[in-house]
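Below you'll find the structure, written out as structure tokens, and then a few comments.
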Amino acid sequence: MPGTDHASIATENKVVAKLKSEGISKEDLTREEFLKHAWEWKEKHGGIILGQLRKLGASCDWDRTKFTMDPDLSEAVINTFVYFYKKGYIYRGVRMVNWDPVGLTAVSDEEVIHRDTVSKFYHLRYFISDGNGNPTDKYLVIATTRPETIMADAAICVNPADERYHWLKGKKVLIPLINKEIPVIEDSYVEMDFGTGCLKVTPAHDINDYEIGIRHNLPVLDIIDEHGRLNEKARILVGEDRFEARKKIETMLREAGNLEKVEDYTSPVGYSERTDAVIEPKLSMQWFLKMESLAKDALESVESGKVRLIPDKYRNTYRHWMENVRDWCISRQLWWGQRIPAYYLPDGRFVVEPTPEAALEAARKLNPDISAADLKQDEDVLDTWFSSWLWPISVFDAAKPGHPEVQANRDLAYYYPTNDLVTGPDILFFWVARMIMAGNEFMHEVPFRNVYLTGIVRDKLGRKMSKTLGNSPDPLDLIAKYGADAVRIGMLLCSSAGNDILYDETQVEQGRNFCNKIWNAYRLIAGWSVDENAEQPEAAAVAVKWFRSKLNSVVETVEDHFSKFRISDALMAIYKLFWDDFCAWYLELVKPAYGAGADRKTYEASMDFFEALLKMIHPVMPFITEELWQNMKQRNEGETIMLQRYPVSDGFDADFLAKFDLACEAVTAVRSIRQQKNISPKEKLALRAKADFPSEANAAIRKLANVDMEVAGKPADNSAGVSFLVKTHEMFVPLTGHVDAAEEIAKLEAVIEYQEKFLASVRKKLSNEKFVNGAPEHVVAVERKKEADSIAKIEAAKASLKALKG
RNA sequence: GGGAGCAUAGCUCAGUUGGUUCAGAGCGUCUGCCUUACAAGCAGAGGGUCGGGGGUUCGACUCCCUCUGCUCCCACCA
């Protein structure tokens, strides 16, 4: 189900900015005119993300693409609002909100970013009143970072346990500059050892002060307007911006003798996530949704395992949030979004109904004389999340939200609940938790079983990538440069659940290289001609047998990884199977000599393997796999790799795989030695030209391989494995024959030295009674075998040494 | 201040009841190769007291304590 939300705050900001650049102010437009501009903007830009998804090859049901402000989805939102209102969950109230004076809207707590900011700490003298509003010569000192709000002070507060200020009890003090009399009150909220121990209480402009104000029944005086300017209630500095006012009042206070001192001070200040404006705590009429009961159910859904979070470390975070959730402020002072369906009567009463017609009807029950023109709809719109939390339901059946009693339509009944939700941990609460709430409420069933939380992609500095910051590479550019498959596999290979990704273009390069590897492997196989008379060589037969087993074992591994949502592990297993096992070993073993045709058995096996590999990687690399799959043979109209069965294992021979691994190690050892011997390409070509591989060279390889394995402390019983590898033309190259005696002696001595050291450590372990008695039998048995093997190796090496020296 | 988590190779990370398989992967690095699929490649090599310290255990990357450093979430001292 592809789609987008309407991102009300971000979009409205963009549209306002665009209009501003054209010399149009939002205030000059009617709501309808503004929305027209907003829709134009949406049509132009809203498709970009969907376009990127298409370019990436996201396999979505594009015909069903939805937008949260589609008429039917908007209707679902309105119905939901009415439903919760009538249920008593939605209420309207004066609350302290985070006001964004630039965006001119309230933003949720979650949209406020606290940053340490350097500011000033002003120590101000408040003179004690003589009772008639005149100052005495006694004063107290308060410390504040916001001297421009003193005109809104409602009281001075001290801690009742603070002996320094007992003399203030019952006194009144005068606000500097305006000489307004306010009481001194006591509240244990005040920290005695912070600042001066005296706190000015400004209920309208600080959330904590507001709460103190409620406890002490203090009047609320709001002196800052919606743009962050002082209003006429401030009496002085009216019309000044809050920061300008702060500068000016500092001077005024100093001149009036009320400023004791100013200190530098760093404190956390809230900024709007969207506009970066300093948040102004402001009393405001807002709509709220009660969360207590919804959160309780949503918590239970996760605690009981009905919804699984991956990785599950997020369960703790989730629980903590759900247990401390506050009511959800769902109103936004914007135009772009679903308008709140509350309709006000001239007398201030209001009704909540889904349509103006229903509202009029309801209003007439309150006052029969009301006409449609008398009703005024609420100016605010709803939080975007209030529409996206319905997504899993409303995209299938928009009539369902708000009507839990109505039967779901066919689509909804079929698709709900879904299996897996993939999303970022940063919206676990905004979106995921709320979708669970809406699901529980309207469907009596959670919307999904598993929530896979991806990492957040960060830039090399560790900063979050975001549209607004503009530090994200354009996916379309990356796709143009490297291909969509490269971008997909490159990013996925290094992303494990819940871990952030530090983006680096080399990851995408790795993806591109892998694409090329796949392409070239196909070029090789596709270029083979089949010689119907050719017998299958022994090496090829063994290789086919081996790779069939290997493929099955990796299919099982991959299945296990996927079942545990270990995506990058699964993909890395396929990556290695393709590159290391298929290309580096299998193809090298079976590829026919230059000019010769392949035998049919090997050819067909190779094609089958290649097809299986394509199917395995297809979900993450859809383009190249489809292209090659279509090319492998004539396909029927409409046939596609997308609809093929994913490879399934029919078992594998673990012993055989282990033997082959040993053989591979032996070959590697030979190659290592060859490298040290530095055989020139010319010599190699000369060797290759000989039809037959000299038997003495064969023996030398085997010997060297075994010696090398001994040095590595690994078992040497791999001659069977080596022999068939050695017969392949890759191995016809290595050595010319004779072995340098001195070098051989040095090697044997090294073997002896290594093994004696090893033996000593094993024997030490075996002489420990606690180990022999305490450890499991098989562990002890392994140690005993190591001991015996080591002794045998030392003896053999010593014998060879003697013979060589002799 | 409250809560959660992290620390393993130069980088990004695995390490699934404490024990044959455990010290790993990918990328990067170094060395040698224009080899008839692929130099965006091939072959080989080096690289880590598993953050420090202590404890439990016959045995600890793994469990416990502590210290140090970092991240995130929540709340926020005027």
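Values computed for the structure shown
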read-out: Residues in region A:74-108 reached by a label modelled at A:Arg349 [backbone nitrogen below 18 Å; 7 Å Cα→Cβ]; value: A:86, A:92
read-out: Using θ = phi - 60° and Karplus 6.51 cos²θ - 1.76 cosθ + 1.60, couplings along region A:198-207 (whole Hz; Gly, Pro as x); value: 10, 10, 7, 9, 10, x, 7, 10, 7, 4
read-out: Amide H contacts of A:Asp500 (H built 1.01 Å from N, under 5 Å, at least 5 apart or other chain); value: A:Ile456
read-out: Degrees, to the nearest 10: A:356-366 long Cα axis against longest axis of chain A; value: 40 degrees
read-out: Unsatisfied cross-links (Cα-Cα over 18 Å) in the set A:Lys18/A:Lys44; A:Lys550/A:Lys615; A:Lys18/A:Lys282; value: A:Lys18/A:Lys282
read-out: Calculated P(r) tail over 12 Å for region A:389-435, as whole % of Cα pairs; value: 65 percent
read-out: Estimated inter-spin distance, A:Asp264 and A:Asp28, nm [label 7 Å along Cα→Cβ]; value: 4.5 nm
read-out: Charge dipole magnitude, Cβ of K and R +1, D and E -1 - region A:40-82, Cα centre, debye nearest 20; value: 280 debye
read-out: Cα pair distances of region A:490-596 binned at 5 Å [whole percent]; value: 2, 10, 17, 19, 17, 13, 9, 6, 4, 2, 1, 0
read-out: Label-to-label distance, nm, for residues given as A:Lys365 and A:Asp500 (7 Å Cα→Cβ offset); value: 5.3 nm
read-out: Using alpha carbons only: equivalent-ellipsoid semi-axes of region A:328-439, gyration tensor based, whole Å; value: 33, 18, 9
read-out: Shape metrics for region A:198-268, restricted to C-alpha atoms - Rg then Dmax, Å; value: 13.7, 35
read-out: FRET E, pair A:Glu604, A:Val779, Förster distance 51 Å, beta-carbon r, rounded to 0.05; value: 0.65
read-out: Extension gain (nm, one decimal) between A:Gln634 and A:Asn409, 0.36 nm per residue minus Cα-Cα; value: 76.8 nm
read-out: Helix A:71-86 axis, angle to chain A major axis (alpha carbon atoms, nearest 10°); value: 60 degrees
read-out: Enclosed volume per residue, in Å³, of the convex hull spanned by Cα atoms of region A:1-116; value: 193 Å³
read-out: Longest exposed-site-free window of chain A, the sites being chymotrypsin sites (Phe, Trp or Tyr not before Pro) in a DSSP loop that have at most 14 other C-beta atoms within 10 Å; value: A:195-593
read-out: Student exercise, chain A dipole from Lys, Arg, Asp, Glu Cβ charges, in Debye to nearest 20; value: 1780 debye
read-out: C-alpha center-to-center spacing [region A:761-806, region A:28-102] in angstrom; value: 73 Å
read-out: Lysine pairs with alpha-carbon atoms under 14 Å apart, region A:130-226, spacing 8 or more or separate chains; value: 7
read-out: Computed lengthening from A:Glu538 to A:His166, 0.36 nm per intervening residue step minus Cα-Cα distance; value: 123.9 nm
read-out: Efficiency of FRET between A:Ile49 and A:Leu804 - r from beta-carbon atoms, R0 56 angstrom, step 0.05; value: 0.15
read-out: ³J(HN,Hα), Karplus 6.51/-1.76/1.60, whole Hz, each residue of region A:374-384, x for Gly, Pro; value: 7, 7, 10, 6, 3, 7, 7, 10, 8, 3, 4
read-out: Cα coordinate range in chain A, projected on the principal axes (Å, largest first); value: 121, 69, 55
read-out: Tensor-based shape of region A:61-177 (alpha-carbon gyration tensor, a/c under 1.5 rounded, otherwise prolate or oblate); value: prolate
read-out: Simple Cβ-charge dipole of region A:488-531, Lys/Arg +1 and Asp/Glu -1, about Cα centre, in debye nearest 20; value: 180 debye
read-out: 19 Å tail of the calculated P(r), region A:535-627, as % of Cα pairs; value: 43 percent
read-out: Signed unit charges on C-beta, dipole axis of chain A, positive-most listed residue A:Tyr594, A:Leu476, A:Met252; value: A:Tyr594
read-out: Stretch gain in nm, segment A:Ser59-A:Asp222, where the contour uses 0.36 nm per residue and the Cα spacing is subtracted; value: 53.3 nm
read-out: Cα-projected label distance for A:Ile113 with A:Thr251, points at 7 Å along beta-carbon direction, nm; value: 3.4 nm
read-out: Region A:357-376 and region A:617-637: distance between their alpha carbon centers, rounded to Å; value: 63 Å
read-out: Estimated vicinal HN-Hα couplings, Hz - region A:515-528 in sequence order (Karplus 6.51, -1.76, 1.60; Gly, Pro = x); value: 4, 4, 4, 4, 4, 5, 4, 5, 4, 5, 5, 5, x, 6
read-out: 37 °C / 0.692 mPa s Stokes-Einstein diffusion coefficient of region A:290-380, Kirkwood radius on C-alpha pairs, µm²/s; value: 202 µm²/s
read-out: Radius 11 Å from Cβ of A:His205, net charge of other residues (Lys, Arg +1; Asp, Glu -1); value: -2
read-out: Helix A:292-303 axis, angle to chain A major axis (alpha carbon atoms, nearest 10°); value: 10 degrees
read-out: At R0 = 60 Å, FRET efficiency that the Cβ-Cβ distance of A:Ala372 and A:Leu476 yields, to 0.05; value: 0.75
read-out: Ratio Rg/Rh, restricted to region A:408-549 and using Cα atoms, in which Rh is the Kirkwood radius; value: 1.18
read-out: Kirkwood hydrodynamic radius over Cα pairs of region A:596-654, then Stokes diffusion coefficient at 37 °C and 0.692 mPa s, in µm²/s; value: 256 µm²/s
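Every number here is computed from the coordinates shown, using simple stated rules; none is lab data. In this text, all values refer to a predicted model and were calculated from it rather than measured experimentally. Methodologically, a virtual Cβ is constructed for each residue, glycine included, from the backbone with ideal geometry; neighbour enumeration extends over all protein chains shown.
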